[in-house]
Amino acid sequence: MRLVIQELSQMTGVAAVIVAAGKGTRAGGDRPKQFRPIGGESPLRRALSMFADHAEVGLVQPVIRKEDADVYREQTVRLDLLPAVFGGATRQCSVRAGLEALGPRKPDIVLVHDAARPFASAALVTRAIAAGRRSGAAIPALAVTDTVKIVDGEGVVGATLDRNTLRLVQTPQAFAYPALLEAHRRAAAAQRVDFSDDAALAEWAGLKVSVFAGEPGNIKITEDGDFARAEAVAFAALGDIRTGSGIDVHAFGPGDHVTLGGLRIAHDRALIGHSDADVALHALTDAILGALAEGDIGAHFPPGDPQWRNASSDRFLAFAVERVKARGGRIAHLDLTLVCETPRIGPQREAMRGRIAALAGIATERVAVKATTSEKLGFTGRGEGIAAYATATVRLPWSAA
Ligand code: CTP
Ligand code: MG
């Protein structure tokens, strides 16, 4: 179904230009604001992935600064985007660079969006496309609820405006592509290069611009203080917090190494199992599946199935991580405890944390690895095998269920 819609949208040509070529001077920080993570993900990646995943958007054209090419590459792994183009000295120049790059694709509708607005929803994009198709130039707007006054340089009020006629304007703004491209070329030729949004440029070019309903949550990151607000929005959006636990046991047999937490550790025995018998990754996989209430490792990877024979357990963990992503969630934390007399886990702890973090796609600080013996009691105490206990904390978007 999605494929059909996508093919259809490519035929009818909806493209999105995402401008991220600013320096973020007002926000400060060690890198431009669009690259600074909010709730673990940068505004740029949030904006790009929303457009790239939108069923009605066929093409996503990012615009960046040359100096940011490396961080851009790091932050856009596995997103379906057109190759980024370089922007210019003003936002308007950057938008134009994106529009010109789309030329050979001939979209009929183009959406222009600021990477500095990370929380625009898919529903807003759907509204933008519909409004753009209807009127050829449409922008998302919010009513003004505060009273607005004109104040002079001395701080003296000159007039009170009628707020009923005022709107706060956001992006994405939607236009008929040929008309917006033409307007941008005319503005550049007239040496007008500093329109603060595309609607202002379109108005100057004589296009009739209409409004549709914006979104209060579609905030723009401008000052450093906006990051705290944005963190709160990101936090609240993934407020459905789930915990899952997982346990696994494997017996020792003959061999010269064990696979534990994705690491190969030299040992005088091996762990016996259908796959590589990595008890740590099996327990972690079950903990994540438990947090999602999506069955267990055996249900997804039946032990009798020959295709999982000697399989690397990385694949099981990757599957559970992918399920979290598919639900729109994130792994907040993984906690693993290994119970064994040998091998000694302490010397491997940091490497194991790093490996698990890499497999789960989270920071090492979000992975705990602990180990204990069982004081020579029970099967672990007798050195017959290793037990692993794991807890996963997963954040999901709120849903009706
Ligand atoms: N932008 C751009 N090219 C520019 C200037 C801005 O692509 N030459 C982009 C920004 O990256 C941002 C959007 O336009 O996504 C809105 O601009 P703004 O909020 O002003 O961002 P900056 O220009 O980066 O910030 P500042 O004005 O504080 O330097
Ligand atoms: Mg700016």
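All of the numbers you see were taken from the coordinates with simple rules; none came from a lab. Bear in mind that the values here come from a model prediction, so they are computed numbers and not experimental data. Every residue, glycine among them, receives a Cβ derived from its backbone with ideal geometry; neighbour counts consider all protein chains shown.
The Rg/Rh ratio of region 173-241, with Rg taken over Cα atoms and Rh as the Kirkwood radius over Cα pairs, comes to 1.16. Assuming charge only on the beta carbon of Lys and Arg (+1) and of Asp and Glu (-1), the dipole of region 240-396 about its Cα centre is about 400 debye to the nearest 20. Using the Cβ-Cβ distance between ASP30 and ALA318 with R0 set to 41 Å, the FRET efficiency works out to roughly 0.85.
As an exercise, take the mean of 1/r over every pair of distinct alpha carbons in region 34-186, invert it, and state the Kirkwood radius in angstroms. That comes to 17.2 Å for region 34-186. Across all directions, the average flat footprint of the convex hull enclosing the Cα atoms of region 242-298 is 3.8 nm². Count Lys and Arg as plus one, Asp and Glu as minus one, and take only other residues whose Cβ is under 10 Å from that of VAL148; the net charge is then 0. Here the calculated FRET efficiency for ALA213 and THR147, from their Cβ-Cβ distance with R0 = 30 Å, stands at 0.85, rounded to the nearest 0.05. Reported value for region 240-396: 100 Å³ per residue, from the convex hull of its C-alpha atoms. Cβ-Cβ distance of ASP268 and ALA358, R₀ of 35 Å, FRET efficiency by 1/(1 + (r/R0)^6): the value works out to about 0.80. Basic side chains Lys and Arg get +1 at the Cβ, acidic Asp and Glu get -1 at the Cβ, and with that the dipole of the chain about its Cα centre reaches some 660 debye.
Convex hull volume of the C-alpha atoms in region 18-88, normalised per residue: 94 Å³.
If you count Lys pairs in region 5-236 whose Cα atoms are under 15 Å apart, skipping same-chain pairs closer than 8 places in sequence, the total is 4. Counting only Cα atoms, the size of region 54-137 along its three principal axes is 38, 24, 23 Å, in decreasing order. Give the distance, in whole Å, between the Cα centre of region 241-271 and the Cα centre of region 107-121. Answer, in whole Å: 47. Placing a label point 7 Å from the Cα of THR243 along the Cα-to-Cβ direction, the residues of region 325-368 whose backbone N falls under 18 Å from that point are 330-338, 366-368. Rg and Dmax over the alpha-carbon atoms of the chain stand at 26.6, 88 Å. Among the GluC sites (Glu not before Pro) in region 360-401, those located in a DSSP loop and surrounded by at most 10 other Cβ atoms within 10 Å of their own Cβ are GLU375. Between ALA293 and VAL233, the distance separating the two model label sites (each 7 Å from Cα on the Cα→Cβ line) works out to 3.0 nm.
In this simple spin-label approximation, THR126 and THR342 carry label points 7 Å from Cα along the Cα→Cβ vector, and these lie 6.1 nm apart.
Once C-alpha pairs closer than 8 Å and six or more residues apart are averaged by separation and normalised to the residue number of region 240-396, the relative contact order reads 34 percent.
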